[in-house]
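The values are calculated or read from the model by the stated rules, or taken from the named source; none is laboratory data. All values reported here derive from a predicted model rather than from experimental measurement. Positions of Cβ are backbone-derived with ideal geometry, glycine not excepted, and every protein chain shown enters the neighbour counts. Keep in mind that these areas ignore ligands, DNA and RNA; they rest on the heavy atoms of the full protein, side chains included. Shrake-Rupley method; radii C 1.70, N 1.55, O 1.52, S 1.80 Å.
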Amino acid sequence: MAALPLSDILSSPPLVAASNPKATRVLLQSSANADTPYRAAVGESIIYDNTINAILWVDIDGKSIHELSLGESGNMVTYGPYSKKVCAISLLSQSVGEDVGDTGWTPPPPGTRDLLIAWEDGFQLCRVRAESSEISVELSEYSDGPETDENGSRLNDGRCDRSGRRFICGGFVPEHEGVSVAVYDVVGGKPFSFGSDSPKTVAALTHGEIEGLDIPDLRVANSTCFSPDGSQMYFADSPKRCIFAYDYNTNGGGGDSDDDDEEYVGDSIHLSNKRTVWSAQNDFVGVPDGSCVDAEGYVWNAVWREGLAPGCVNRIDPKSGEIVCTVGIPENSSQTTCCCFGGPDLDVLFISSAASGRTLDEEPYAGSIYAVKLDVKGLPESRFVWD
């Protein structure tokens with residue numbers, strides 16, 4: 001199946017999800033070489049920004065963020081590459097400089113955007129600039145997460161809850177006996193200033209470890225997403241080949257700090273009633289990677305198959321655990337990583353993938369972005385409320 005321009009996919013009639021359709025590779029070119037199809041080393045954390053009609057995703061190993069306009073221009077913009085891996089991102093609830101008081105900040109100028117970024121070893125609100133490896137403005141403190149070490153641990157999958165008050169993000173570590181990772185709750189607070197000669201204004205940003213997941217030896221946090229009403233959190237440890245659900249309750253609020261005081265309120269998250277939403281059968285190929293939830297409450301899960309079979313995205317009924325339909329990935333690309341619904345009507349499923357470990361002979365288009373227009377609608381992406 002040949003790649004198609006994004007405009008052709010967006011203008012096509014919707015396909016019936018129950019017919020198990022195939023996605024189409026979006027025709028994108030590498031910013032480094034206009035004649036080379038785009039391939040992400042590890043594409044992840046794909047999300048849709050409805051305010052500018054664009055999708056964004058990260059390339060973890062490529063240490064970069066990418067943005068693709070769904071408008072007439074179809075422009076693709078790259079932020080980075082940076083000195084650290086970019087593992088996940090979130091949109092913000094408002095532009096910095098709007099309704100934040102006398103901070104001295106201005107709204108992001110053209111060619112920049114403000115994001116919550118999960119770096120390989122911590123979290124930060126940043127203003128990033130297109131085609132630049134420098135952070136334009138550090139909008140918050142750096143909230144250190146797990147440091148990378150000889151075991152290769154880093155942050156991984158993350159997403160805001162429905163309230164936007166919390167960004168839930170877990171870790172990744174290759175297989176090492178006795179080594180596991182944690183899942184973190186990131187909260188933001190009001191901007192504050194410090195320093196006397198040249199005062200600097202930053203937003204408070206803190207995080208803490210979530211308890212109650214009840215997953216021993218957690219290695220690869222994935223599939224973090226929430227039911228439409230926000231009462232259920234879905235989560236996977238990929239090697240265990242299960243997707244779990246939890247009752248998700250919070251006491252609201254966010255962090256607040258100044259020069260002398262810092263308060264973390266992540267302990268107000270309560271996870272309970274853990275249950276298995278879906279579990280791989282013996283003949284199932286692959287492990288669950290990133291997920292999103294549609295307007296009807298079904299979980300859409302990207303399946304990572306690492307060369308064993310073409311990748312796919314399964315639509316799972318969270319009540320029965322049944323896979324009700326599957327979107328196939330063409331061209332033998334096996335490493336699907338994450339998915340989101342986008343477009344003005346939220347009816348286009350966008351899918352990220354990874355080229356890492358796959359050769360051009362094996363999978364020439366691994367790392368591409370795929371899309372399919374469906375008779376199913378998604379939900380708007382939650383935005384991080386940092387003030």
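Observations, loosely collected:
- Ordered from highest to lowest accessible area with the whole protein assembly present and a 1.4 Å probe, D317, D61 read as D61, D317.
- Computed lengthening from S132 to S163, 0.36 nm per intervening residue step minus Cα-Cα distance: 8.0 nm
- Contour excess over end-to-end distance, with Cα ends at K190 and D345 and 0.36 nm allotted per residue: 52.4 nm
- Neighbour-limited loop hits for trypsin sites (Lys or Arg not before Pro), the range 299-387 (at most 16 other Cβ within 10 Å; DSSP other than H, G, I, E, B): K319, K377
- Distance (nanometres) between label positions extended 7 Å along Cα→Cβ at T36 and L4: 2.8 nm
- S180/S11 FRET efficiency (R0 45 Å; Cβ-Cβ; nearest 0.05): 0.45
- Exposed GluC sites (Glu not before Pro) absent - longest run of the chain, DSSP non-H/G/I/E/B, at most 14 other C-beta within 10 Å: 212-295
- Dimensionless Rg over Rh [the chain; C-alpha; Kirkwood]: 0.95
- Contact order normalised by residue count of the chain, Cα under 8 Å, 6+ apart, percent: 19 percent
- Neighbours of S231 by Cβ distance under 12 Å: Lys/Arg scored +1, Asp/Glu scored -1, total -2.
- Among P174, P216, P239, residue whose mean-square fluctuation peaks in a GNM of the chain (springs only between Cα atoms under 10 Å): P216
- Inter-probe distance in nm under a simple model that places probes 7 Å from Cα toward Cβ, at S268 and N53: 3.8 nm
- A simple charge model with +1 on the Cβ of Lys and Arg, -1 on the Cβ of Asp and Glu and nothing else charged puts the dipole of the chain at about 1360 debye relative to its Cα centre.
- Formal net charge of residues neighbouring G357 (Cβ-Cβ distance under 11 Å; K, R +1; D, E -1): -3
- T326 accessible area, 1.4 Å probe, all protein chains in place, Å² to nearest 10: 40 Å²
- Surface share of carbon and sulfur [accessible, 1.4 angstrom probe, percent] for the range 288-352: 45 percent
- Positive minus negative residues near T112 (Lys, Arg vs Asp, Glu; Cβ under 12 Å): -1
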